[in-house]
Amino acid sequence: MSNSNLILAETEPWVQPTAFVLGPFLNFLSFAMLCRVVASWYPETNLNKFPWNIVAWPTEPLLRAVKGSIPPAFGVDITPVFWLAIFSFINEILLGPQGLLVMKMKYGI
């Protein structure tokens with residue numbers, strides 16, 4: 001008898017490295033957008049100074065791309081919340097417990 005929880009299915013060679021890179025990348029972007037939400041509560045925050053520049057520089061192009069498309073809600077810019085939701089959704093769909101890449105690694109689907 002073998003324990004099926006420990007056996008990973010044989011799958012394409014790109015799946016595991018993709019999951020290995022995509023997980024931290026999506027987590028960093030989600031954290032960066034969460035930091036942008038918190039920074040928006042303090043208008044005097046200078047995003048060009050350390051430590052805010054670590055999260056501002058990678059996220060600014062994404063925010064600028066959709067800023068005109070998403071109207072402010074009650075006078076508050078919600079584009080960081082939009083991107084946070086997108087990154088969380090992609091992370092869950094691909095790398096969550098029932099995620100596509102996880103299922104491919106476990107069962108070779």
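The values are calculated or read from the model by the stated rules, or taken from the named source; none is laboratory data. Predicted model, so just to flag it, every value in this text is computed and none were measured. Every residue, glycine among them, receives a Cβ derived from its backbone with ideal geometry; neighbour counts consider all protein chains shown. With ligands, DNA and RNA removed, areas are computed over all heavy atoms of the protein, side chains included. Shrake-Rupley method; radii C 1.70, N 1.55, O 1.52, S 1.80 Å.
When L34, L47, L100, L26 are checked against the criterion of being within 30 Å of E10 (Cα to Cα) and either open to solvent by 70 Å² or more (accessible area, probe 1.4 Å) or more than 20 Å from the chain's Cα centre (by Cα) (or both), L100 stands alone in meeting it. Just to be sure before I move on: is I70 of a type in the set (V, I, T), assigned to a loop (DSSP other than H, G, I, E, B), touching a residue at least 12 places away in the same chain (Cβ under 8 Å) and open to solvent by less than 90 Å² (accessible area, probe 1.4 Å) in the structure I sent? Judged against the criteria, I70 is a match.
Being outside any loop (DSSP other than H, G, I, E, B) and in contact (Cβ under 8 Å) with a residue 60 or more places away in the chain holds for only one residue in L26, L62, and it is L26. The C-beta contact set for the range 82-94 (first residue closer than 12 Å to G23 by Cβ and aliphatic (A, V, I, L, M), second residue open to solvent by 60 Å² or more (accessible area, probe 1.4 Å) and part of a helix (DSSP H, G or I), distance under 7 angstrom, 6+ apart or interchain) comprises L94/L100.
Would a scan of the range 80-96 turn up a residue that is β-branched (V, I, T) and at pLDDT below 90? Scanning the range 80-96, I find no residue that is β-branched (V, I, T) and at pLDDT below 90, so the answer is no.
Take the conditions (1) more than 16 Å from the chain's Cα centre (by Cα); (2) over 30 Å from G108 (Cβ atoms); T11 misses just one of them, which is (2).
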